[in-house]
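The block underneath contains the structure these notes are about, expressed in structure tokens.
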């Protein structure tokens, strides 16, 4: 077997491994969030942002979850790059990477809990969260649109686009809750994050299957790179 034959198979295998790690990490992320709700019962799921777990008892658990959110997103970005290349998806992948990096940096800058004045660390946290949320909302829409041409995503394209659109709507609603003491900002933020995490899982799912278990024609991105084409001996 030539190197040209081995390279696409190796890339597909690595993409599959990264996609499986991404899905497993999302499950762990959700489990940690549920655990924090039990560890910090006095924090309101309705009014307190998820970031409020980053101060007070068990703050380090939330910091680890921020880093986990960064890692699981980068795993998906890597899987998509290996599967389809960076050119067709470059804008969406850039925004998803931005969301990942900002999510990781949130662990270094604790927020100021709901109802308290903003200080240096809290201000940086708000800016990072704003950039991250806008980036993932737009990035998932762009990627949902780009992936519609890939055969592996044909059955999921409508769901991905719907989820990403709902993410934009929930982000706009979240913006309306800012600065309003009795607005359920914590709940809206959790809905937004849940939508984006669900999108990430669905986007990773078609790539999580082993290369040998996939069926159907080669995606358009792969064709552009010469994958699936006859190879001269």
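FYI, it's all coordinate maths here, none of it is from the lab. None of these values were measured; they are calculated from a predicted model. Backbone-built Cβ (ideal geometry, glycine too); neighbour counts: all protein chains shown.
Looking at 25, 75, 31 in this structure, which one is under 17 Å from the mean Cα position of the chain (by Cα) and exposed (fewer than 14 other Cβ atoms within 10 Å of the Cβ)?
Working: 25 fails: exposed (fewer than 14 other Cβ atoms within 10 Å of the Cβ); 75 fails: exposed (fewer than 14 other Cβ atoms within 10 Å of the Cβ).
Every option except 31 fails the conditions.
Do we find that residue 103 is farther than 20 Å from residue 15 by Cα and in contact (Cβ under 8 Å) with a residue 24 or more places away in the chain in this structure?
yes
Take the conditions in a helix (DSSP H, G or I) and crowded, with 18+ Cβ neighbours inside 10 Å and apply them to residue 163. Does it pass?
Details: in a helix (DSSP H, G or I): yes; crowded, with 18+ Cβ neighbours inside 10 Å: yes.
Here the answer is yes, as residue 163 does meet what is asked.
For region 138-155, state whether one or more residues are more than 20 Å from the chain's Cα centre (by Cα) and touching a residue at least 40 places away in the same chain (Cβ under 8 Å).
yes
It is to be established whether one or more residues within region 61-74 are over 20 Å from residue 191 (Cα atoms) and without any contact (Cβ under 8 Å) to a residue 24 or more places away in the chain.
no
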